Structure formats: structure tokens, C-alpha cells
Amino acid sequence: MIKPYLVAAACLVGATALAEDSSAEYRAFIEEWRDGRMQRLKAADGYLNLSGLFWLKEGSSSFGSSSDNTLTFPAVAPEKLGVFDLQDGVVTMTVDHPGVIHDGKAVKRIVMVDDTRDNPVTVTYQSLAWTVINRIGKVAVRVRDFEHPGLTELQAFEYFPIDRRYRVWARLLPFDEPRVMNVDTVIEGLGYNPVSPGRLEFTIDGEAYRLDAYQSGERLFFVFGDLTNGKETYPAGRFVYTKAPDEHGMTVIDFNQSYSPPCAFNDFSTCPVASPANRLKVRIESGEIHAKTAFWD
């Protein structure tokens, strides 16, 4: 919830910075967010343990660590582990090894309910876990390795200096009706189609800018590019969220909380990239700088 004493400032269209109790309070808030960012990435459902993404074709696909399988799993897997069968969007897995576990029990055959449905299925083998994802009708197996080197390689992020100049009031300019947007992703041929309620307008150093907003539950989500991309920050853009606008259409966008998308860390994510409309012709020297470690390019 936006602090009550900030609400009055919402009517000041073009205000470029927000008052806070103190610089120390705001800095502590951002430092706490940064700590949480690392924890989220290293969590079991984070992005540092991703080790495979295999798009399935209709019919059967063998999998295991041997390269003569249709899908080559990480080396910890047996050479021949089993078969995925895709029929009309439904994936059934059959395995030949007693070490494959679902809900604490060994499985031989199971329907791999995907992540767009209730109770998606996760199965494990030693340090590996895999699920089925569905992206606009395209189906893939996503593999995690809970002993992935990325979990220890990445110890800290680089950030631009905390600067409240990049925490600004913004006004939602709503469309007449919400629009389904067509946004590219890092996967060739795979689109991202979020619903947009409108554009967020804000100013930085007296200049006005706009970003298409994407609905994300109760929040707004932004994939934005700027003139730091490909230099200090990830080339495809960065992510940032805002709270839902208030009754006046106002919210706060804080670029100090902008961060690299999952595809900055591995090749097994399906991230949207900044659309032409969301590429700002300004350097946003705020938020996360693109981290690189020994196991990344």
C-alpha cells in the first residue's frame, strides 16, 4: 500500500521523485529487496538451477543422459531413462528406472500435468527434477538440477547506485478496452500475449516517457529496454513491477527494483523481450546490472 503521506503528491503530474521518511529508510528497503532477489533465484523454483528445456514434438521422445536419446538429460541421469509421449497436448511419461519419484513414490508411468493446469506434476531423479510447461500450445520438458554450479557460482549482483531520482510517480493512461499484446520472447517462434490495461506515463529529469503495462495478477508488469542494454544491462531488456494504480490512476515505478530476466542466466527460460514500444531512449542507470559468471557466456 502506498504510504498515506505520499498520496497527496500523486496529483502532481510530472513529479520525478518521491519523498521518504529518510534516505536511510529507503536504502534499507532496497537492500532488503536485493537480498530477497538472490534468495528467490537460488530457491528450488528459482532460475539458477535450470539445466534443460526440451520442446516436444507429437509422438514419442526418448530421454536419458546418452546422446543417442531424442532428449539428452544432464549426466547425472542414467543413459536410458524413459520416454515422453505427446498426444493432443497431453504428455505421458514412461520410465525404466526405479529411482524416478513422484510424491515420495517410485513411478513407472504417469501423465505429466503441465504448469497451466491444477496440480502440475513434478518428478525427481537424484538431484534432478522435471516438469512439463505449456507456452501457448507449445509443450516442453523443463529440467532442474539442485546441484547446478550456478547455485554456488553466483554470490552477488552488481547494481547501479541507489538513486531515488528513478523512483517516480506514474499515471496509467488506460486503453478504451484492455488489449492482448503480441510480444516476442527469446525463443524463436514463441510469443507472449499478456493483457495490457494501458500505458504508464512518467517523467525522468523533466522528460516524459511511456511504457505498455502488462497485467500480472494485482500488479502491473513491465519489460523495458533502455540505452544501457547491451552494455551494463541485459540486451533484451529488464523487468520491473508496480502496484495496481489507485483511484486516480496513479502508482509508483521504482527502477531501483528493476532486474535481469531469467534468460540472462541460462538458455532454458522463455522470457519476453522489450517490445519496440517499451524501449526507452534514455539511460536508466538504476537497478540490476547484467551479471556474468564463469559458466555463462
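The values are calculated or read from the model by the stated rules, or taken from the named source; none is laboratory data. Source: prediction; values computed, not measured. In this analysis, Cβ positions are derived from the backbone assuming ideal geometry, glycine residues included, and neighbour counts consider all displayed protein chains. The accessibility values were calculated without ligands, DNA or RNA, using every heavy atom of the protein model including side chains. Shrake-Rupley method; radii C 1.70, N 1.55, O 1.52, S 1.80 Å.
Of the peptides 280-288, 97-105, 27-35, the order by per-residue mean of other Cβ atoms within 10 Å, starting with the highest, comes out as 280-288, 27-35, 97-105. Using a cutoff of 8 angstrom between alpha carbon atoms and counting only pairs six or more residues apart, the relative contact order for segment 35-75 works out to 23 percent.
For mean projected area of the Cα convex hull in nm², the value computed from the atomic coordinates appears in the list [x] 17.2; [y] 14.6; [z] 15.6 under label [x]. The Rg/Rh ratio of segment 171-230, with both radii computed over alpha carbons and Rh defined as the Kirkwood radius, is 1.01. Between 0 and 90 degrees, the angle of helix 23-42 with respect to the longest Cα principal axis of the chain falls at about 10 degrees.
Of all DSSP bridge pairs formed entirely within the chain, close to 95 percent run antiparallel.
Only protein atoms count toward the accessible area here, which uses a 1.4 Å probe; on segment 38-90, the carbon and sulfur part of that area reaches 50 percent. Pick out, from Ala24, Pro276, Gly237, the residue whose Cα sits farthest towards the positive end of the charge dipole of the chain, with +1 on the Cβ of Lys and Arg and -1 on the Cβ of Asp and Glu. Checking the options against the dipole of the chain, the answer is Pro276. Across segment 54-67, computed HN-Hα scalar couplings (Karplus, 6.51 cos²θ - 1.76 cosθ + 1.60, θ = phi - 60°) run 10, 7, 8, 9, 4, x, 9, 9, 6, 9, x, 7, 6, 5 Hz from first to last residue, x flagging Gly and Pro.
With protein chains left intact and a 1.4 Å probe, residues in the chain average 50 Å² of accessible area per residue.
Here, segment 188-297 has an Rg and a Dmax of 14.2, 48 Å when only alpha carbons are counted. Using C-alpha pairs under 8 Å with a sequence gap of at least 6, the mean separation divided by the residue count of the chain gives a relative contact order of 17 percent. If you take the alpha carbon atoms of segment 98-168 and fit the smallest convex hull around them, that volume is 180 Å³ per residue.
Ligands, DNA and RNA left out, the accessible area of segment 118-166 computed with a 1.4 Å probe is 45% carbon and sulfur. Note on segment 52-184: semi-axes of the ellipsoid equivalent to its C-alpha gyration tensor, largest first and rounded to whole Å, are 36, 23, 14.
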